[in-house]
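Presented below is the structure to which this report refers.
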Amino acid sequence: MNGHGSRKALKTSFRASPRSIRPLYTGGPVLLTKDGKWLVSTMGEEVMVTEVSTGLSVARVRGDSTAITSLALSYHTSPPTLITCHLSTQLRYYPLPDDLPAGSETPTLTYSRQNTKAHNAPILVSTVSPDNTLLATGSSDGIVKVWDLEGGYVTHLFRGHGGPVSALKFHFSSSDLGVMELWTGSTDGRVRIFDLRDANSRVVGGGGAAKAKAVLEGHASVVRGIDVSDDGRWAITGGRDKVVLVWDLAAEGKKGKGKAGPKVVQTIIAQEQVESLGLLPVQVKPLGEAAGRLRCWTGGDRGVVRVWDVLKGEEMGSMQGVEGVDEGEVDEDEQRGILSVLCDPSSEALVSVHADQNIIFHSISSGLPLRQVVGFNDEIVDATFLNSSGSSSHTHLALAANSNLVRIYSTSTFDARLLSGHRDMVLCLDKSIDYRLLASGSKDRTARVWASTEEGEWRCVAVCEGHAETVGAIAMSRKLDDKGQGRFMITASQDRTLKMWDLTSISASTSAGASSVKPKSLATLRAHEKDINSLDLSPNDRFLASGSQDKLVKIFEVDFTPSASGPAGALKLVGTCKGHRRGVWTVKFSRTDRIVASGAADRTIKLWSLDDFTCLKTLEGHTNSVLRVDFLSHGMQLVTSASDGLVKLWNVKDEECVKTLDNHEDKIWALAVSSDEKTIVSAGADSVATIWEDSTEVEQAEKNDALVKAVQSEQDFTNYLALKDYRRAIQLALSMSQPGRLLKLFSTIAASRAPGSHTGSVEVDQIIKTLPGIDLVRLLKFVRDWNANARTSGVAQGVLHAVLRLKSPDEIVAAFDSASKVPTVNPDEEEGMAVDGEEAEAEQKRKRKKGETVMGMRELLDGLIPYSERHFTRIDKLVQDSYMLDYVVGEMDGGLFGGEVMDIDGE
């Protein structure tokens with residue numbers, strides 16, 4: 001293998017970016033803060049708070065292990081409070097954070113108050129009054145309760161509904177401060193108006209037996225939406241009976257006999273089940289019309305937001321749901337009906353929440369989509385980077401999930417667009433060499449080519465039809481022709497065949513009105529005996545590699561000949577790579593060497609030579625099937641993903657894994673590498689698309705900084721010792737967590753043995769006596785470690801003796817109590833804490849999470865007592881042995897060597 005570059009160019013680490021794409025909505029209630037900044041969405045028993053402009057997670061709520069049935073936002077506190085209603089009938093209050101978290105970890109909110117039995121049945125709907133003083137909740141048993149938000153107690157109780165409560169609306173009239181009403185809708189088709197000033201409705205002193213001020217009848221099915229105009233003159237109600245009723249609240253009775261109560265003055269035939277409705281602000285100009293008139297919006301089961309002239313009963317226009325999907329189109333796999341619609345006055349947008357977990361922001365003035373949030377991607381099976389028209393850098397990320405829609409995410413804002421066209425699930429993606437064309441293969445037996453329009457949108461420019469089974473792998477030409485257009489594309493199908501398609505008529509730049517073409521099939525070849533899982537073309541377009549469930553990697557020679565009459569193409573098998581013991585999932589050509597890499601279900605990655613098709617190297621390390629592989633660093637490194645949920649970075653020469661990246665909980669089907677190799681995207685069955693950013697230079701810089709600081713600290717320590725500045729030397733060694741230097745210092749001091757001192761130095765005694773709590777605990781930790789070794793136990797016992805003599809038991813206990821709340825830090829971190837308290841707080845949280853806190857008193861004693869007892873036992877034994885030695889020496893002095901030896905020579 002040829003070497004390219006130096007080993008310094010090798011990458012050593014990647015870090016997960018906080019901008020990774022994660023699930024944020026799987027169905028249920030959705031809210032938007034009044035400033036339009038944060039989106040609050042439900043995921044079963046959890047709630048996610050997301051920043052709309054960036055897609056970053058702000059906070060999450062874990063819940064009580066039961067589904068969340070309703071949400072409400074109250075601004076009676078600052079920051080606002082999120083109110084969650086749970087299937088267990090609990091009501092919880094969560095203060096939202098002030099701003100984005102400092103680190104990459106999303107904080108989990110803790111509730112400040114809860115009502116464990118708010119209702120006797122699950123709460124279905126909830127809303128907060130305009131003045132943020134009251135909360136109304138309606139349950140499935142037909143009971144409506146009004147709560148005081150400040151005190152948390154029930155103020156009103158309303159009964160009499162003929163079924164579960166399905167809609168709530170507070171009406172506090174701006175023109176008449178005396179009007180305080182709660183409008184309720186029910187499954188019995190009736191709308192009830194309750195007067196909150198009625199003393200009979202109050203729980204305390206009333207009895208909770210108030211009757212409705214008025215009962216509006218007119219709907220034949222569940223009432224799903226209620227709204228009242230600001231002036232209190234008009235009201236609208238809508239339901240699943242496909243009608244919207246307009247009520248005149250100031251209707252006169254016959255012959256001037258006074259008010260007759262609310263009266264229907266207009267019936268709007270919505271022609272769909274209305275799931276949500278509301279009145280637009282009067283000052284807004286919807287769909288380019290003049291402001292000042294009464295207009296409303298509706299959303300229903302057809303997935304379209306409609307705008308109506310309330311008094312005329314005419315439809316003014318509509319806002320399409322998923323782009324490219326015809327109105328009313330419903331698939332068995334994807335229901336696109338609207339569950340709710342939110343109005344965001346700050347950006348003059350309507351936000352529609354769809355049953356397929358898509359959340360779309362529509363401009364009220366133009367009706368066009370401003371932003372789309374994909375709440376749940378399901379299982380992601382492929383991913384690739386893209387460049388929009390006129391851009392040289394990656395502007396989009398394409399994802400294929402368990403859907404017939406291709407997801408296109410903006411890499412800057414995470415705004416999503418859904419590309420419709422396939423009639424069944426999309427299984428594979430690929431891009432052209434300039435990243436401006438996208439190819440997709442689907443279960444509908446077709447492949448499509450997409451291009452970016454001059455307006456920045458993506459549309460289908462070609463449809464390839466001809467396979468008899470699912471298209472499971474796809475590869476686009478790695479070179480462009482003289483006009484900068486694609487040359488050809490190769491697809492693989494479950495019918496075991498490969499097809500070459502002519503793309504010379506397709507341009508990367510297209511207009512919105514251009515129609516799609518049907519490319520010609522240039523060649524068809526039966527390639528494998530089982531399903532083909534992967535395809536890849538060499539950088540010069542001369543070879544094609546295929547990986548199949550038949551355990552083989554096959555190499556084909558590609559012959560593409562352009563001509564004036566039309567291009568010609570052919571595929572010819574030139575080699576077979578045998579060696580994998582199970583099906584091959586992925587193949588990839590090196591961009592610098594004549595090498596092909598493959599990953600298989602036998603958990604191995606193999607490198608094959610294109611010269612003789614033999615296996616050059618086998619890399620082992622994954623614990624499950626290897627699903628994706630790609631080359632990095634001029635072919636000197638590999639990045640792989642597998643069913644074990646891990647991404648691994650390999651050095652090819654050493655055949656070793658240098659880094660394992662873990663941020664997934666299931667199979668990683670997709671792996672995309674940016675053109676500059678600084679970003680990797682991994683995505684899979686856990687619905688997470690993790691963005692990994694190259695941190696090699698950052699980590700090397702951190703290591704260099706740490707080394708410089710260590711050298712500086714070592715020099716400072718040596719200088720302190722030379723100057724006999726023991727206080728600073730001890731504090732520096734403690735803060736640097738360097739027990740070796742501290743041991744040497746205490747050993748040197750103990751050898752001097754100054755009279756009247758416990759440690760050997762009166763100055764050091766005074767230092768220990770005045771040590772702050774955190775430093776004392778650190779010192780005792782070192783003493784515990786020294787005491788475990790017989791050679792250093794003498795110094796440990798000496799220091800421990802000094803501490804116990806110089807510090808009272810109360811002071812030692814107090815030191816442990818104060819230190820248990822603060823994680824251990826080095827002197828540089830301590831300096832940072834003094835400068836920036838917010839960074840220190842974030843660092844402390846990080847260290848607490850990793851368990852880097854100081855030890856407790858029990859842990860210290862458990863480590864000291866056993867070894868101390870062993871040392872004293874050994875000393876006692878030595879003392880006993882010394883008596884025997886004294887006896888023997890005494891006998892030797894007065895006996896055999898005491899002058900009684902016979903003079904043998906004198907005999």
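Taking the criterion of being crowded, with 18+ Cβ neighbours inside 10 Å, touching a residue at least 60 places away in the same chain (Cβ under 8 Å) and either of a type in the set (Gly, Ala, Ser) or within 18 Å of GLY863 (Cα to Cα) (or both), the residues of the range 756-797 that qualify are VAL777, ARG778, LEU780, LYS781, VAL783, ARG784, ASN787, SER793, GLN797. Only one of the numbered conditions (1) surrounded by fewer than 16 Cβ atoms within 10 Å (Cβ to Cβ); (2) at pLDDT 95 or above is not met by VAL125, and that is (1). Taking the range 153-164 as the range and being modelled with pLDDT of 90 or more and either among the small types (Gly, Ala, Ser) or part of a strand (DSSP E or B) (or both) as the test, the residues that pass are VAL154, THR155, HIS156, LEU157, PHE158, GLY163.
Would you mind finding the one in ASP725, ASP662, ASP705, ASP644 that is free of Cβ contacts under 8 Å to residues at least 24 places away in the same chain and in contact with a His (Cβ under 9 Å, 6 or more places away or on another chain)?
Working: ASP725 fails: in contact with a His (Cβ under 9 Å, 6 or more places away or on another chain); ASP662 fails: in contact with a His (Cβ under 9 Å, 6 or more places away or on another chain); ASP705 fails: in contact with a His (Cβ under 9 Å, 6 or more places away or on another chain).
Among ASP725, ASP662, ASP705, ASP644, only ASP644 is free of Cβ contacts under 8 Å to residues at least 24 places away in the same chain and in contact with a His (Cβ under 9 Å, 6 or more places away or on another chain).
When ASP593, ASP602, ASP559 are checked against the criterion of being assigned by TED's automatic domain parsing to the domain that holds ALA492, free of Cβ contacts under 8 Å to residues at least 24 places away in the same chain, outside any strand (DSSP E or B) and surrounded by fewer than 21 Cβ atoms within 10 Å (Cβ to Cβ), ASP602 stands alone in meeting it. Looking only at residues in the range 858-893 that are among the small types (Gly, Ala, Ser) and free of Cβ contacts under 8 Å to residues at least 40 places away in the same chain, which one is nearest to VAL795 (Cα to Cα)? Among those that are among the small types (Gly, Ala, Ser) and free of Cβ contacts under 8 Å to residues at least 40 places away in the same chain, it is SER882.
Which residue, of GLU454, GLU465, is surrounded by fewer than 22 Cβ atoms within 10 Å (Cβ to Cβ) and within 33 Å of the chain's Cα centre (by Cα)?
On the way: GLU465 fails: within 33 Å of the chain's Cα centre (by Cα).
GLU454 is the lone residue from the list that is surrounded by fewer than 22 Cβ atoms within 10 Å (Cβ to Cβ) and within 33 Å of the chain's Cα centre (by Cα).
Looking at THR33, THR69, just one residue is more than 20 Å from PRO95 (Cβ to Cβ), crowded, with 19+ Cβ neighbours inside 10 Å and more than 18 Å from the chain's Cα centre (by Cα), and that residue is THR69. Considering VAL647, VAL629, the condition of being of a type in the set (Val, Ile, Thr) and under 14 Å from SER13 (Cβ atoms) is satisfied by VAL647 alone.
In the range 260-289, what count of residues is obtained for those that are under 42 Å from the mean Cα position of the chain (by Cα) and in a loop (DSSP other than H, G, I, E, B)?
Quick first cut of the range 260-289, residues under 42 Å from the mean Cα position of the chain (by Cα) only: 270-289.
Retained after the next criterion (residues that are in a loop (DSSP other than H, G, I, E, B)): 270-273, 280-285, 289.
Count: 11.
Here GLY142, GLY152, GLY162, GLY138 are screened, and the one residue that is over 28 Å from GLU46 (Cα atoms) and touching a strand residue (DSSP E or B) at 6+ places or on another chain (Cβ under 7 Å) is GLY162. Please enumerate the residues belonging to the range 53-75 that are closer than 20 Å to GLY36 by Cβ and either in the same structural domain as GLN372 (by TED's automatic domain parsing) or assigned to a loop (DSSP other than H, G, I, E, B) (or both). Answer for the range 53-75, where residues must be closer than 20 Å to GLY36 by Cβ and either in the same structural domain as GLN372 (by TED's automatic domain parsing) or assigned to a loop (DSSP other than H, G, I, E, B) (or both): SER53, THR54, GLY55, LEU56, TYR75. Residues in the range 781-821 that are outside any helix (DSSP H, G or I), small (Gly, Ala, Ser) and more than 26 Å from PRO755 (Cβ to Cβ): ALA788, ALA790, SER820. Filter the range 729-769 down to the residues that are assigned to a loop (DSSP other than H, G, I, E, B) and over 47 Å from the mean Cα position of the chain (by Cα) and list them by number. Within the range 729-769, ARG753, ALA754, PRO755, GLY756, SER757, HIS758, THR759, GLY760, SER761 meet the criteria. The residues listed here are SER752, SER737, SER747, SER687; of these, the one that is in contact with a Pro (Cβ under 9 Å, 6 or more places away or on another chain) and either within 30 Å of GLY773 (Cα to Cα) or of a type in the set (Ser, Thr, Tyr) (or both) is SER687.
Listed here are the residues, each with its yes/no results for (1) closer than 25 Å to GLY337 by Cβ; (2) crowded, with 17+ Cβ neighbours inside 10 Å; (3) in contact with a helix residue (DSSP H, G or I) (Cβ under 8 Å, 6 or more places away or on another chain).
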site	(1), (2), (3)
THR26	yes, no, no
THR42	yes, yes, no
GLU51	no, no, no
ARG62	no, no, no
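Every residue, every condition in (1) closer than 16 Å to ALA473 by Cα; (2) surrounded by 18 or more Cβ atoms within 10 Å (Cβ to Cβ); (3) modelled with pLDDT of 90 or more, yes or no:
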site: SER366; (1), (2), (3): no, no, no
site: VAL373; (1), (2), (3): no, yes, yes
site: ILE380; (1), (2), (3): yes, yes, yes
site: LEU386; (1), (2), (3): no, yes, yes
site: THR395; (1), (2), (3): no, yes, yes
site: ALA400; (1), (2), (3): yes, yes, yes
site: ASN404; (1), (2), (3): yes, yes, yes
site: ILE408; (1), (2), (3): no, yes, yes
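Out of GLY856, GLY898, report the one residue that is over 30 Å from SER735 (Cβ atoms), at pLDDT below 80 and surrounded by 10 or more Cβ atoms within 10 Å (Cβ to Cβ). Quick ask: steps written out before the conclusion?
Details: GLY856 fails: over 30 Å from SER735 (Cβ atoms).
Checking each option against the conditions leaves just GLY898.
Does the range 70-81 include one or more residues that are modelled with pLDDT of 90 or more and on the phi > 0 side of the Ramachandran plot? Full working, then the answer.
Initial filter on the range 70-81 (modelled with pLDDT of 90 or more): 70-75, 80-81.
Cutting the leftovers down to on the phi > 0 side of the Ramachandran plot gives us none.
No, the range 70-81 contains no residue that is modelled with pLDDT of 90 or more and on the phi > 0 side of the Ramachandran plot.
A count restricted to the range 523-556 and to residues that are surrounded by 15 or more Cβ atoms within 10 Å (Cβ to Cβ), assigned to a loop (DSSP other than H, G, I, E, B) and touching a Ser or Thr at 6+ places or on another chain (Cβ under 8 Å) stands at 5.
The values are calculated or read from the model by the stated rules, or taken from the named source; none is laboratory data. Since the structure is predicted, the reported quantities are computational estimates derived from the model, not experimental observations. For neighbour counting, all protein chains shown are included, and Cβ atoms are generated from backbone atoms with ideal geometry for every residue, glycine included.
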